[in-house]
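Working notes, beginning with the structure itself.
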Ligand code: BEZ
Ligand code: FE
């Protein structure tokens, strides 16, 4: 009979895995279970603490719906989602950052220079730049998907008052890699904190705020798809994002402008731009596949 001890339990677990176990799965489990076993031993984990951990996971399951995944949120606030992004980001090019739960498919097309702001409250922001490769050459046939919060800090799929695709668009960049659109300043917002993840945040003295940002998914034939988000340089939460998504290279400079002179040519609705307004110039660098 085999006697399992603290020293042999991790190896015993591995020995139970059959010979046909996929090697990558075996490797992942070896590391995961090894770290979990070490965690229990290093912390002298009590039964009450173990039960509390299980309770958090149970509550996460209970509160999750097709629209709200509390496990992803847990991964986000623990920094795991961002670490997976970093581990999988190429060392060069624009860094990736969390997709978040509010992306939806089917955003309408917006032409170059188009107006995403529409009737939304808030200051206009004219965002433009180039989708380019590592050598600085423009990439042809790049496409951008853009989504963001309205002035009230809510995405359209969180707010019944907003049209379904409010502040969401798909844009084809020009052959010169250029993109441009007018939008409204995104607002900082809180991740949902009315569930077990919120409990964890409150218990550790953390707030649920994310700095405001624009989300982008950028695709181009022959290049790695870039899922990222970009942040205004003056946002108060830049240094304390609840989900660890900020990277220095993802900070956009918002230049405050007054008068029509700063409006770039090619904008389709220059008369709808508020005064003052902001201009933002941000280039995306994609990596070849
Ligand atoms: C977001 O950026 O939309 C987001 C990311 C992680 C958790 C919640 C929201
Ligand atoms: Fe977001």
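Here are a few things to note about the model shown:
- Whether a residue is in contact with a helix residue (DSSP H, G or I) (Cβ under 7 Å, 6 or more places away or on another chain), over 22 Å from residue 266 (Cβ atoms), within 16 Å of ligand 1 (Cβ to nearest atom) and not in a strand (DSSP E or B) was assessed, and residue 98 passes this test.
- Condition met for residue 77 (closer than 30 Å to residue 249 by Cα, in contact (Cβ under 8 Å) with a residue 40 or more places away in the chain, within 16 Å of ligand 2 (Cβ to nearest atom) and surrounded by 12 or more Cβ atoms within 10 Å (Cβ to Cβ)): yes
- Contacts under 8 angstrom Cβ, first residue in region 268-289 being free of Cβ contacts under 8 Å to residues at least 40 places away in the same chain, partner part of a loop (DSSP other than H, G, I, E, B) and surrounded by fewer than 13 Cβ atoms within 10 Å (Cβ to Cβ), 6 or more apart: 275/258; 275/259
- Tally, over region 96-119, of residues that are farther than 18 Å from residue 225 by Cβ, free of Cβ contacts under 8 Å to residues at least 40 places away in the same chain and loosely packed, with under 12 Cβ neighbours inside 10 Å: 1
- Scan of region 188-217 for residues that are assigned to a helix (DSSP H, G or I) and either more than 13 Å from ligand 1 (Cβ to nearest atom) or under 13 Å from the mean Cα position of the chain (by Cα) (or both), ordered by number: 196, 199, 200, 202, 203
- Test: residue in region 85-95 that is crowded, with 19+ Cβ neighbours inside 10 Å, assigned by TED's automatic domain parsing to the domain that holds residue 231 and within 12 Å of ligand 1 (Cβ to nearest atom): yes
- Screening residue 243 with (1) away from ligand 2 (no atom under 16 Å from the Cβ); (2) assigned to a loop (DSSP other than H, G, I, E, B); (3) over 23 Å from residue 264 (Cα atoms) gives one miss only, at (1).
- Residue match in region 95-102 (condition: within 16 Å of ligand 2 (Cβ to nearest atom) and at positive phi): yes
The values are calculated or read from the model by the stated rules, or taken from the named source; none is laboratory data. These figures come from a predicted structure and were not determined experimentally. Please note: Cβ atoms are built from the backbone with ideal geometry, for glycine as well, and neighbour counts cover all protein chains shown.
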